[in-house]
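Below is one structure, written out as structure tokens, with a few remarks after it.
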Amino acid sequence: MITNIWKTGVMVFDQISFSEDSSLTYTAGVYNSSGTRFQDDGTQKDFNGSLEYHNGNVFAHYGLRLGSQQVVGDEMDRERHAIVLRYNNYLTAPWWLWGEYMWGKDEVAGADDVKAEGFELSAGYKFTPKWEGVIRYSEFDPNKDVNNNKFQEISLGLTYRMQRGIRWQFQVDFNENESKTIEDTVYTARLTVPLAKKLM
């Protein structure tokens, strides 16, 4: 499926180096898009900003998004936050770690804001230069004011890297909600073929 994910607006960014392996990167932008597959015909614009501190093989990232979405003619405010911690050293270490915590809220006409939160923990290990395995666990609560409302997902993935940037990816996802009314297993196989002139 092809979707319109482009944003129209202006952004500033820069990287401040403290040493050879330490830096701070920032971004700040104003856009007229409310995200993938959403139209934004309102007068309010979205603000996206981020800070990322890098020290050796450790990265700490904070992202913020403030915006709105039209709901039956009214523009409702939306707010998103995310904190990411990750470790990777692809030159010497065969493994990497990723942790993310996110929270936000949506304005609702005539009612209290809907507050949501979630987190994700991931780890990967490169068995050989061509084979890499990944495990991921995530939880998401779309409305913190509703009990027994969380969704959990466990994912196992395997990637086989071929020549010229081509790779096979195999993944199985185990999904369920806190009340056990939804339990599902999804199997995915994906072939990625870069179409750039210069392949990484």
(request) Starting at the first residue of the range 114-130, write each ³J(HN,Hα) from the Karplus equation 6.51 cos²θ - 1.76 cosθ + 1.60 with θ = phi - 60°, in whole Hz, x for Gly and Pro. (result) 8, 9, 10, 7, x, 8, 9, 10, 9, 8, x, 9, 9, 5, 9, x, 9
(request) Apply the Karplus parameterisation 6.51 cos²θ - 1.76 cosθ + 1.60, with θ equal to phi minus 60°, to every residue of the range 102-109 and state each ³J(HN,Hα) to the nearest whole Hz, in sequence, with x for glycine and proline. (result) 9, 8, x, 8, 10, 6, 10, 5
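With the Cα gyration tensor of the range 43-159 in hand, give its eigenvalues times 5 under a square root as the equivalent ellipsoid semi-axes, listed largest first in whole angstrom.
Over the Cα atoms of the range 43-159, the ellipsoid semi-axes are 34, 18, 11 Å.
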(request) Could you check which residue among 92, 188, 159 shows the biggest mean-square fluctuation in a GNM of the chain with a 10 Å Cα cutoff? (result) 92
(request) Treat each spin label as a single point 7 Å out from the Cα along the C-beta direction, and report the residue 170 to residue 90 distance in nm. (result) 2.3 nm
(request) Kindly flag which residue pairs out of 115/150; 45/144; 105/180 have an alpha-carbon separation exceeding 21 Å in this structure. (result) 45/144; 105/180
(request) Using only the alpha carbon atoms of the chain, find the Kirkwood hydrodynamic radius as the inverse mean reciprocal pair distance, in angstroms to one decimal. (result) 19.9 Å
(request) Using θ = phi - 60° and the Karplus relation 6.51 cos²θ - 1.76 cosθ + 1.60, list the HN-Hα couplings for the range 155-170 in order, rounded to whole Hz, with x at every Gly or Pro. (result) 10, 10, x, 9, 10, 10, 8, 9, 6, 6, x, 6, 8, 9, 10, 10
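Quick note: the coordinates plus some simple rules give every number you see, no bench work behind them. For clarity, every value in this text was computed on a predicted model and none was experimentally measured. Positions of Cβ are backbone-derived with ideal geometry, glycine not excepted, and every protein chain shown enters the neighbour counts.
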